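What follows draws every value from the coordinates through simple rules; no lab data is involved. Since the structure is predicted, the reported quantities are computational estimates derived from the model, not experimental observations. All Cβ positions, glycine included, derive from the backbone under ideal geometry; neighbour counts span all protein chains shown.
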Amino acid sequence: MNCMQAWKVIPINTVVAALDSVRTLVLNFVLEIEAEAPDAGEAALNSNPVPQDKVHQIFNTFISGNVQNLATASTNVRQNATYNDANSELFREILATLTKSGLEALVVEKVTGAVDEMKQARDVPGFKDAYIKFMSILSDHVQVLGPILAPYLPALAALLR
């Protein structure tokens, strides 16, 4: 089979928001330059009214997933990176809920082990195996664990993709 036609409907408010975001960023940059050198807009061609060390570029890059390293094609680059793993927060919340649940220690230990295995899984097949083990433990204790862990099940299921 061949795809003959494909399209995506983009709401007008999404386009307006994107343009507004770009407009705001450009305006902030211009205002920063004007604050540094008020006559920069009237400078002669090929002149530097603002010293090059004062004018710099800042790129905020948001990456979803694991990245080994990131570089842009430039010289004198300084990079600061922070890694916010939303999945770690999910697993931390699950473990905290289990700890506060007051359940039998053996059950908490089994579920905690399964949650740790899911957390450590680095790929979808490995996560799927750990998820199946977790769901098996959950089904064995559904009346006790069901109400406690039900709010986290949709987020865990989303990680299977």
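Side notes on the structure shown:
- Applying 0.36 nm per residue to the separation of Glu117 and Leu153 and subtracting their alpha-carbon distance, the gain on full extension is 11.4 nm.
- Proxy reagent accessibility, fewest Cβ within 10 Å first, across Leu106, Leu149: Leu106, Leu149
- Dimensions (Å) - the range 86-158, Cα atoms, principal axes, largest first: 32, 23, 20
- Ranked Val124, Val107, criterion: other C-beta atoms within 10 Å, fewest first: Val124, Val107
- Rounded FRET efficiency, nearest 0.05, which uses the C-beta distance separating Asp20 from Met135 and R0 of 45 Å: 0.50
- Footprinting exposure proxy for Met4, Met135, Met118 (fewest neighbouring C-beta atoms within 10 Å first): Met4, Met135, Met118
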